[in-house]
Amino acid sequence: MSVADAYRSQDSSDNVAGTRPNATSIRNLQKHYVLKSETVKALRGVSFDVPEGDYVAIMGPSGSGKSTLLNLLGCLDKPTSGSLLLGNDDIAMMTDDQLAEIRSERIGFVFQSYNLIQQLTVVENIQVPLFYQGKLGGKEYQRAVTLASRVGLGDRLDHRPTQLSGGQQQRVAIARSLVNDPYFVLADEPTGNLDSVTTEEILSLFDELNAEGRTIILVTHEDEVAERAKRVVRLKDGLLHTDTLNDPARREAAKKRQALHAAEIAAQE
Ligand SMILES: Nc1ncnc2c1ncn2[C@@H]1O[C@H](COP(=O)(O)OP(=O)(O)OP(=O)(O)O)[C@@H](O)[C@H]1O
Ligand SMILES: [Mg+2]
């Protein structure tokens, strides 16, 4: 059974009989990097759909094409061939300016190294994507304040990144990723720099956001992170190797086990 069929047959409360539209739909996606002496085929024809509200972990060995795929999903680059739909728009057909516009208006990024602007406060960092759209009014400020509270930083609005812990900085980055109401939140190794207590903090935030309907697509090397997602897509040699749903009961068990472990570690500190 394909993952799409499994979704349709799963009686899950957030996808009534597979009626959710796709946040993205990828068909035979190829990305070749042409260098002087050789061509690197980073993606050799990848196809899958991500319904709205999904939570996908992308895994695979180093060099298998994970970041390449995430960069295409994030409109940072254009495919060599194939299609990648965002809503009804195919990014393969877009000009660089159109890609930049979509990127600033409808894509949310979270990076391993947070990528916050050191001179800006929490509430200003959250507004950065809006700044690029020339939107910086009272309404936008209020939205940033609401998101800061949403990620538990309502009392840190005027702090700068150096005055925050790693987990708090990553929460600012997550709030920033939500400010333009993205098609999906894209995260490349979002917990790669974090200890297990802080990783748990970030993963429970992703759980909550996903329960609220946010679509999340993250790249990870860690089984602990992947088992929290709804679905695991594995790449190998630029091809889709496996695409499996995480059993909801095992997912729930992983959540409990990891939260307990984090609480035990925190109690020792
Ligand atoms: N800008 C580029 N120019 C040329 N080759 C590239 C470029 N970016 C990636 N590649 C090549 O494409 C392949 C896939 O790279 P990619 O970064 O997508 O892998 P990855 O799965 O993210 O690996 P990792 O787990 O190490 O981050 C690799 O062989 C890499 O060397
Ligand atoms: Mg990578």
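The values are calculated or read from the model by the stated rules, or taken from the named source; none is laboratory data. Quantities reported herein were computed from a predicted structural model and do not represent experimental measurements. Here the Cβ positions follow ideal geometry from the backbone for every residue, glycine too, while neighbour counts run over all protein chains shown.
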So which of Asn210, Asn180 is in a helix (DSSP H, G or I) and surrounded by fewer than 23 Cβ atoms within 10 Å (Cβ to Cβ)?
Asn210
Within region 60-77, can you find the residues that are more than 12 Å from Leu239 (Cα to Cα) and either touching a helix residue (DSSP H, G or I) at 6+ places or on another chain (Cβ under 7 Å) or more than 7 Å from ligand 1 (Cβ to nearest atom) (or both)?
Leu70, Asn71, Leu72, Leu73, Gly74, Cys75, Leu76, Asp77
Only residues that are part of a strand (DSSP E or B), away from ligand 2 (no atom under 16 Å from the Cβ) and of a type in the set (A, V, I, L, M, F, W, C): list them for region 30-51, please.
Val34, Phe48, Val50
Output for region 103-139, where each listed residue is within 16 Å of the chain's Cα centre (by Cα) and over 25 Å from Thr191 (Cβ atoms):
Ser104, Glu105
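Condition check ((1) surrounded by 19 or more Cβ atoms within 10 Å (Cβ to Cβ); (2) touching a Phe, Trp or Tyr at 6+ places or on another chain (Cβ under 9 Å)) across all residues:
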{"residue": "Asp90", "(1), (2)": "no, no"}
{"residue": "Thr95", "(1), (2)": "no, no"}
{"residue": "Arg106", "(1), (2)": "no, yes"}
{"residue": "Gln112", "(1), (2)": "no, no"}
{"residue": "Gln118", "(1), (2)": "no, no"}
{"residue": "Phe131", "(1), (2)": "no, no"}
{"residue": "Ala144", "(1), (2)": "yes, no"}
{"residue": "Leu147", "(1), (2)": "yes, no"}
Please indicate, with yes or no, whether at least one residue in region 77-97 is within 16 Å of ligand 2 (Cβ to nearest atom), in a loop (DSSP other than H, G, I, E, B) and within 19 Å of the chain's Cα centre (by Cα).
yes
Taking Glu189 as meeting all but one of (1) surrounded by 16 or more Cβ atoms within 10 Å (Cβ to Cβ); (2) farther than 26 Å from Arg228 by Cα; (3) among the charged types (D, E, K, R), write down the number of the exception.
(2)
Could you look through region 231-254, keep only residues that are within 16 Å of ligand 2 (Cβ to nearest atom) and charged (D, E, K, R), and pick out the one that is farthest from Met59 (Cα to Cα)?
Asp237
Criterion: assigned to a loop (DSSP other than H, G, I, E, B), away from ligand 2 (no atom under 16 Å from the Cβ) and modelled with pLDDT under 95 - qualifying residue of Leu157, Leu194, Leu153:
Leu194
Test: residue in region 56-74 that is under 27 Å from Leu136 (Cα atoms) and in a loop (DSSP other than H, G, I, E, B):
yes
What pairs come up if the first residue lies in region 60-76 and is among the β-branched types (Val, Ile, Thr) and buried (at least 20 other Cβ atoms within 10 Å of the Cβ), the second is at pLDDT 95 or above and part of a loop (DSSP other than H, G, I, E, B), and their beta carbons are under 9 Å apart, counting only those six or more places apart or on different chains?
Thr68/Gly238
Taking region 212-233, which residues are within 17 Å of Arg171 (Cα to Cα) and over 12 Å from the mean Cα position of the chain (by Cα)?
Glu212, Val225
